[in-house]
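The values are calculated or read from the model by the stated rules, or taken from the named source; none is laboratory data. Bear in mind the structure is a predicted one, so any value in this text is a computation, not a measurement. Using ideal geometry, Cβ is built from the backbone for each residue, glycine included, and neighbour counts are taken over all protein chains shown.
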Amino acid sequence: MWEDLHRELSPQGIDIVTVCLDVEGIEGAEPDLAAVDEVTHIAVVDQTHVIDELFGIVNVPMAVWIDEDLNIVRPAEFAWPGDREGAGAAQLPDDLPERMVDMAQAAGQIQVDRLFFGTAVRDWAQHGARSNYVLSEDQVVAGSVRRGQDEATAAAHFELGQALHQRGDIDGSIGHFREAHRLDPNNWTYKRQAWELASRVEGPLARFWQGPVPGQEDEWPYEGDWLSDITAVGPKNYYPEPVMPPE
Amino acid sequence: MLLSDQTVEPGEVFAAAGWEIKPEGACRGPVCVPLGEATTVQAIAQRLGMPLVTSDSHDLAALGPATVSGRALTSAVAPDLELPLVVGDGVWRLADQRGRRTVMVAWAPW
């Protein structure tokens, strides 16, 4: 999908650069990349979530617009490359585990305008800096996610958690991930990454499970999981609101 | 940003975090934060609102991002970024995108 958008917009001077966020590297992304016949866009991997800190990425998929002079002209916001409906609208296999059915239903209730990004980026392709979707510097800074001491401290804990995980100190990493989740509960990349690392589910659904194995809830090391957390905060709060253009 | 050696030069530490130490203060794009008498990593970090968190069991510390704007971004100037390519060899540098418009998309397999 991102590859298709890159091929459409590249002749108009816009490059799509995809950044795979995963502490464990690119291995988990290989099925997604293999599904693309030929990758012509720039695809990179971020094993330390550096773009979370630098650009205010708090969930995926999110995108940042950067102009020809390397100025950010739209801060991190929900981005969807096509006009497809969300995962919750897809036909589900009959043999899907109950948790995955519940997750798909919750995902279907996430209230984001999936057409906004495509409309906006095509307007930028056509009108460049004159596009109504291009924001001023003040709007870009104000439109980036909130970062006070709690969020910044969460970022430091998350970075330590990653470092300890990569050094094999799993218990130590979990302590820092839990603290990151407590201090910045709106950062879903911190949660989703840690939950994925803790997953004990086998098979192709493992990377989407994001919670305890049924019957083994006592072994789950986190306060929350994807299904309980999105239920608690409400699907409409899953992504930050985009900065809308003037009427 | 990870600090495995807390005696490292402040200029090096803050450059890696996107801040240049100048006579007028710590600067990122058009934003400069006066540093006064602050010269150590800990003191400069405090001026920039960057929390320092240490690991109890490892000789490691992490410096959180600056909080001077109260938002994730301090200015609209894109920070330096260099990441390994997944398709092809080598690294990609955001600086190489100068002259092209870029949509940087974060995604994950999970």
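Every residue, every condition in (1) hydroxyl-bearing (Ser, Thr, Tyr); (2) closer than 19 Å to A:Phe158 by Cβ; (3) part of a loop (DSSP other than H, G, I, E, B), yes or no:
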{"residue": "B:Gly18", "(1), (2), (3)": "no, yes, yes"}
{"residue": "B:Ala26", "(1), (2), (3)": "no, no, no"}
{"residue": "B:Ala62", "(1), (2), (3)": "no, yes, no"}
{"residue": "B:Ala66", "(1), (2), (3)": "no, yes, yes"}
{"residue": "B:Thr74", "(1), (2), (3)": "yes, no, yes"}
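Determine whether the stretch B:82-99 contains at least one residue that is in contact (Cβ under 8 Å) with a residue 60 or more places away in the chain, crowded, with 20+ Cβ neighbours inside 10 Å and at the interface with chain A (Cβ under 7 Å from one of its Cβ atoms). No, that holds for no residue.
For A:Arg192, the requirement of being touching a residue at least 60 places away in the same chain (Cβ under 8 Å), touching an Asp or Glu at 6+ places or on another chain (Cβ under 7 Å) and either in a helix (DSSP H, G or I) or loosely packed, with under 14 Cβ neighbours inside 10 Å (or both) is not met. Among the residues of the stretch A:169-184, none qualifies, meaning not one is facing chain B (nearest Cβ under 8 Å), touching a Phe, Trp or Tyr at 6+ places or on another chain (Cβ under 8 Å) and either assigned to a loop (DSSP other than H, G, I, E, B) or touching a residue at least 40 places away in the same chain (Cβ under 8 Å) (or both).
Taken as a whole, the stretch A:95-107 holds no residue that is closer than 19 Å to A:Thr189 by Cβ, touching a strand residue (DSSP E or B) at 6+ places or on another chain (Cβ under 8 Å) and in contact (Cβ under 8 Å) with a residue 60 or more places away in the chain.
Contact map, the stretch B:34-61: first residue at positive phi, second residue among the aliphatic types (A, V, I, L, M), Cβ cut-off under 8 Å, separation 6 or more or different chains; pairs are B:Gly49/A:Ala152; B:Gly49/B:Ala66; B:Gly49/B:Val68. Being within 23 Å of A:Leu135 (Cβ to Cβ), within 13 Å of chain A (Cβ to nearest Cβ) and not in a helix (DSSP H, G or I) is true of B:Val105. Taking (1) closer than 26 Å to A:Gln166 by Cα; (2) among the small types (Gly, Ala, Ser); (3) at pLDDT 95 or above in turn, B:Ser57 satisfies each apart from (3).
Among the residues of the stretch A:34-68, those identified as more than 29 Å from A:Tyr133 (Cβ to Cβ) and crowded, with 16+ Cβ neighbours inside 10 Å are A:Gln47, A:Thr48. Could you tell me which residue of the stretch A:14-32 is farthest from A:His49 (Cα to Cα), considering only residues that are in contact with a Ser or Thr (Cβ under 9 Å, 6 or more places away or on another chain) and assigned to a strand (DSSP E or B)? Top of the filtered list is A:Ile14. Residues of the stretch A:1-43 that are facing another protein chain (nearest Cβ under 7 Å), more than 20 Å from A:Ala163 (Cα to Cα) and aliphatic (A, V, I, L, M): A:Ile14, A:Ile16, A:Val17, A:Ala29, A:Leu33, A:Val39, A:Ile42, A:Ala43. In the stretch B:1-49, which residue that is surrounded by fewer than 16 Cβ atoms within 10 Å (Cβ to Cβ) and of a type in the set (D, E, K, R) is farthest from the chain's Cα centre (by Cα)? Among those residues, the one meeting the criterion is B:Glu37. Within the stretch B:69-110, the only residue that satisfies the criterion of being of a type in the set (D, E, K, R), modelled with pLDDT under 95 and under 17 Å from B:Ala17 (Cβ atoms) is B:Asp80. Quick check on A:Val39: is it at pLDDT below 95 and of a type in the set (Val, Ile, Thr)? Spelling it out, A:Val39 is indeed at pLDDT below 95 and of a type in the set (Val, Ile, Thr).
Scanning the stretch A:103-118 for residues that are farther than 28 Å from A:Leu9 by Cβ and among the polar types (S, T, N, Q) yields a count of 2.
Exactly one residue among A:Leu164, A:Leu227 is surrounded by 15 or more Cβ atoms within 10 Å (Cβ to Cβ) and without any contact (Cβ under 8 Å) to a residue 40 or more places away in the chain, and that residue is A:Leu164. The residues on offer are A:Asp138, A:Asp123, and the sole one that is within 23 Å of A:Ile51 (Cα to Cα) and more than 7 Å from chain B (Cβ to nearest Cβ) is A:Asp138.
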